[in-house]
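The values are calculated or read from the model by the stated rules, or taken from the named source; none is laboratory data. Note that the structure is predicted; figures quoted are calculated from it, not measured. Note that we place each Cβ from the backbone using ideal geometry, even for glycine, and neighbour counts take in every protein chain shown.
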Amino acid sequence: MDQIQRYKILYTEAAAQDIEEKADYIAAQFCDSGLAETWYLRLKADLKEHLTTFPLKFPLYDVAPWNEKGIREYVVRNDVVLYSVDEESQCVYIRAVCTKGKDLAAHLKEQS
């Protein structure tokens, strides 16, 4: 039997900043850095579990021009992760991490 293809997860600078900002917000809002760390570790574990194998299983983000660029959307708990897949290099690029309800298209546009 063939081995399941594994993809490497890489974070863009913008996505790393999104994650840092949300962790800072959680720590400040709830006065609990442990809660922020728990959120961060859960997010990373979830992305590793669901995007290192078969990352194309999640739908394209349903807004042009991002869907035409292959940006996909993965919803995890109260967050939306926008990512793209480079099949040739077997890499998943995390492009943005936003709280549900945020204007994702505007957020992506800010990053361009």
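List of remarks:
- Checking Val85 against (1) at pLDDT below 95; (2) assigned to a strand (DSSP E or B), the condition it does not meet: (1)
- Residue selection: Leu51 satisfies the criterion of being surrounded by 12 or more Cβ atoms within 10 Å (Cβ to Cβ), within 14 Å of the chain's Cα centre (by Cα) and at pLDDT 95 or above.
- Selection from region 57-91 of residues that are of a type in the set (A, V, I, L, M, F, W, C) and touching an Asp or Glu at 6+ places or on another chain (Cβ under 8 Å): Phe58, Leu60, Val76, Val80, Val81, Leu82
- Scan of region 63-76 for residues that are surrounded by 11 or more Cβ atoms within 10 Å (Cβ to Cβ) and of a type in the set (D, E, K, R), ordered by number: Lys69, Arg72, Glu73
- Residue that is more than 11 Å from Ile94 (Cα to Cα), assigned to a helix (DSSP H, G or I) and in contact with a Lys or Arg (Cβ under 8 Å, 6 or more places away or on another chain), where the choices are Leu35, Leu56, Leu41: Leu56
- Condition check for Asp24: within 19 Å of Leu104 (Cβ to Cβ), in contact (Cβ under 8 Å) with a residue 12 or more places away in the chain and in a helix (DSSP H, G or I): no
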